[in-house]
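Enquirer: Take a look at this one; I'll ask things after.
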Amino acid sequence: MNQPPLPKGVEHVRTTNVFDATTVPAGLLRAHHVAEGVWGNLVVYTGTVTFVLDDDPDHPITATTANPVPIPPSRQHPLELERPATFAIEFYRMPTTVQPASGTESTAFETG
């Protein structure tokens, strides 16, 4: 699996609330993507979360407390939450990228 690291020089935008099996937004469990110019970083506090890029479904990545998973812009992916697990998503952008409005960093948080 080609798991690119967070690029050097990215700036932190925000971190989501901590989610678990009862609070995870449904959009994170189906295919969604991080906005163009924005990187995510899946940080697991307890348990494991599986990350699957739609363009590489045969190579799921298991995120753990010791293995956060960088999420590249514009690549569709769902999360598979193992119980019990707690996690958050950090969002980063390049300094030259316009800062996204809070909640628009990923299509998983879109409403409507």
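The values are calculated or read from the model by the stated rules, or taken from the named source; none is laboratory data. Quantities reported herein were computed from a predicted structural model and do not represent experimental measurements. Please note that ligands, DNA and RNA were not included when accessible areas were found on the heavy atoms of the full protein model with its side chains. Shrake-Rupley method; radii C 1.70, N 1.55, O 1.52, S 1.80 Å.
Enquirer: How would Glu11, Glu90, Glu105 line up by accessible area, probe 1.4 Å, largest first?
Expert: Heavy-atom accessible area, descending, gives Glu11, Glu90, Glu105.
Enquirer: Okay, next question. What are the radius of gyration and Dmax of segment 1-56, computed over its Cα atoms and given in Å?
Expert: Cα radius of gyration and Dmax of segment 1-56 are 12.6, 34 Å respectively.
Enquirer: Taking H placed 1.01 Å from N in the peptide plane, check which residues at least 5 places from Ile71 or on another chain put their amide H under 5 Å from its amide H.
Expert: Here the answer is Gly40, Asn41, Leu42, since their amide H atoms fall under 5 Å of that of Ile71.
Enquirer: While we're looking at this one, here's another question. Going by amide H atoms built from the backbone, whose H comes under 5 Å of the H on Tyr45, apart from near neighbours?
Expert: Thr86, Phe87, Ala88
Enquirer: At 25 °C and 0.890 mPa s, grab the translational diffusion coefficient of the chain from Stokes-Einstein with a Kirkwood Rh over Cα pairs, rounded to a whole number in µm² per second.
Expert: The diffusion coefficient I find is 176 µm²/s.
Enquirer: Output ³J(HN,Hα) for segment 91-96: one whole-Hz value per residue in order, computed from phi by the Karplus curve 6.51 cos²θ - 1.76 cosθ + 1.60 with θ = phi - 60°, and x for Gly and Pro.
Expert: 10, 10, 9, 6, x, 8
Enquirer: Taking H placed 1.01 Å from N in the peptide plane, check which residues at least 5 places from Val13 or on another chain put their amide H under 5 Å from its amide H.
Expert: Counting only residues 5 or more places away or on other chains, the set is Phe91, Tyr92, Arg93.
Enquirer: Still on this structure, I have one more. Would you check the accessible area of Leu29, probe 1.4 Å, heavy atoms only, in square angstrom rounded to 10?
Expert: Solvent-accessible area, nearest 10 Å²: 80 Å².
Enquirer: If you wrap a convex hull around the C-alpha atoms of segment 59-106 and split its volume per residue, what is the figure in Å³? Could the numbers behind the result be given before it?
Expert: On the way: hull volume 5.4 nm³, N = 48.
Taking only Cα atoms, segment 59-106 has a hull volume of 113 Å³ per residue.
Enquirer: Between Thr16, Thr62, Thr48, find the one with the highest GNM mean-square fluctuation for the chain; connect C-alpha pairs within less than 10 Å.
Expert: Per the Cα network of the chain with a 10 Å cutoff, Thr16 tops the list.
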